[in-house]
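Heads up, the thing below is written out as structure tokens.
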Amino acid sequence: MRAITERDVRSCFVNCSKGDAKRLNLPKDFAQSPWTGLDFLGWRDPKAPDRAYLIAEKDDRLTGVALRLASAPGKARGFNSTSLCSFCHTAHTGGGVALMSARRSGDAGKQGNTVGRYLCADLSCSLYVRGMKQTLMGDGHDDGVPLEEKVARIKTNLDAFITSITT
């Protein structure tokens, strides 16, 4: 992903108002984001734990999506359960995966329609597949699938998710 500015962030959201985008809290380490190692920028709102955001490049444009967590991670599922992220297919125990929903854009969103996916609760898919971050299960990123295929899988799943929000 290319490096982006705060202005880029606040102007690219497709499923929230300009006022909501203006008020959202950026990640505390935004300026130090490892841009070349990211397939998308994703973060949980540090001041509103039930909110999250992701920004990706789609059709050579930045597209931002505001997300809501369906329930607090770890509450709906026990620590011994294992869940899989819909984007990167990283396995997590306990609250490592959360159901996140996004209001659809346009009239569908105004009618209350949403799209949901089970995602890494910290939205660090890019770091997990590159072995730059580990789950509680340990170093599970080496499953024999080449990195290029893992990255392509994230991008394909992310693109389908964004398309389901914007169409």
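What follows is calculated from the coordinates using simple rules that are stated; it is not laboratory data. Every value quoted in this text rests on a predicted model; they were computed, and no experiment measured them. Using ideal geometry, Cβ is built from the backbone for each residue, glycine included, and neighbour counts are taken over all protein chains shown.
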Subject >> Cβ-based charge dipole, segment 1-42, positive-most Cα from Val14, Phe40, Ala3 >> reply: Val14
Subject >> In degrees, nearest ten, helix 147-166 long axis to first principal axis of the chain (Cα) >> reply: 30 degrees
**OP:** Give, as a single signed number, the net charge of other residues whose beta carbon lies under 12 Å from the beta carbon of Asn113, with Lys and Arg counted +1 and Asp and Glu -1.
**Re:** +2
Subject >> Net length gained if the chain between Arg23 and Arg10 were fully extended (0.36 nm per residue, minus Cα distance) >> reply: 3.8 nm
Subject >> Separation of the Ser33 and Lys155 label points, Cα + 7 Å toward Cβ, nm >> reply: 1.7 nm
**OP:** Can you check what the net charge comes to around Phe40, using other residues whose Cβ is under 11 Å from the Cβ of Phe40 (Lys, Arg +1; Asp, Glu -1)?
**Re:** -1
**OP:** Might you report the magnitude of the Cβ-based charge dipole of segment 6-166 about its Cα centre, with Lys and Arg at +1 and Asp and Glu at -1, to the nearest 20 debye?
**Re:** 760 debye
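Net charge near Ile55, counting Lys/Arg +1 and Asp/Glu -1 over other residues with Cβ under 13 Å of its Cβ?
+1
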Subject >> Calculated log₁₀ intensity ratio I(q)/I(0) where the Debye formula runs over C-alpha points of segment 1-45, q = 0.26 Å⁻¹ >> reply: -1.08
Subject >> Taking the chain and dividing mean pair separation by its residue count, relative contact order in percent (alpha carbons under 8 Å, at least six apart) >> reply: 20 percent
Original post:
Mind checking the log10 I(q)/I(0) for the chain at q = 0.12 Å⁻¹? Debye, one equal scatterer per Cα, no solvent, two decimals.
Top reply: -0.51
Original post:
What number, rounded to the nearest 500 deg cm²/dmol, is the helix-based mean residue ellipticity at 222 nm of the chain, given -39500 (n - 2.57) per DSSP H run of at least four residues and division by all its residues?
Top reply: -7000 deg cm²/dmol
